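The structure under discussion appears below in the form of structure tokens.
Nothing in this text is a laboratory measurement; each read-out follows from the coordinates by a stated rule. Quick caveat, the model's predicted, so the values are computed rather than measured. A quick note on method: Cβ atoms are made from the backbone with ideal geometry, for glycine too, and the neighbour counts reach across all protein chains shown.
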Amino acid sequence: MTSDEALMLEFQGGSRAAFEELFARYRKPLYGFFGRRLHNPGRAEDLTQETFLAVIRAASRYEPRASVRTYLYRIALKLLAAERRKFLTSSTSGQSALEA
């Protein structure tokens, strides 16, 4: 079994198969991570996809300083924080409109 870090470096070099293996390994755990926190299956799926899109976009800048798992969950936490900010902002602006 190839390590996650080796797969990420292979993906960085252009291997689609390496990315597909990382996706297969982490799709369900990331979906569960988002699902447990958001209680919204649709948004959990969206944020799972956005996590992997971020990996694709940043592949050229990846450096194996931490485990791939840590790297993925750091991205996931940033996306979750942005999602919560967006929710709080929309809730607050909706409530302000109701009060006016």
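What angle do you read, to the nearest 10 degrees and between 0 and 90, between the alpha-carbon axis of helix 68-99 and the longest principal axis of the chain?
10
Mind telling me which of ALA44, ALA76, ALA24 comes out most flexible in a GNM of the chain, alpha-carbon contacts under 10 Å?
Between ALA44, ALA76, ALA24, it is ALA24 that shows the largest mean-square fluctuation.
Compare THR48, THR89, THR70 in a GNM of the chain, Cα atoms joined below 10 Å, and give the one with the largest fluctuation.
Greatest mean-square fluctuation among the candidates belongs to THR89.
Net charge within 10 Å of PHE34 by Cβ-Cβ distance, Lys/Arg positive one each and Asp/Glu negative one each, not counting PHE34 itself?
Details: positive: ARG36, ARG37, ARG43; negative: GLU45, ASP46, GLU50, GLU83.
Local charge sum for PHE34: -1.
Within the stretch 16-100, which trypsin sites (Lys or Arg not before Pro) sit in a loop by DSSP and count at most 15 neighbouring Cβ atoms inside 10 Å? Write down the numbers at each step before the final one.
Details: sites: ARG16, ARG25, ARG27, ARG36, ARG37, ARG43, ARG57, ARG61, ARG65, ARG69, ARG74, LYS78, ARG84, ARG85, LYS86; in loops: ARG65.
Sites meeting the loop and neighbour criteria: ARG65.
Consider just the alpha-carbon atoms of the chain and return their Rg together with their Dmax, both in angstrom.
Just the Cα atoms of the chain yield Rg and Dmax of 16.3, 60 Å.
What size of dipole, in debye to the nearest 20, comes out for the chain about its Cα centre when the only charges are +1 on Lys and Arg C-beta atoms and -1 on Asp and Glu C-beta atoms? Present the calculation step by step, with values, prior to reporting the outcome.
Numbers: 16 positive and 11 negative charges, 53 e Å.
Here the chain has a charge dipole of around 260 debye.
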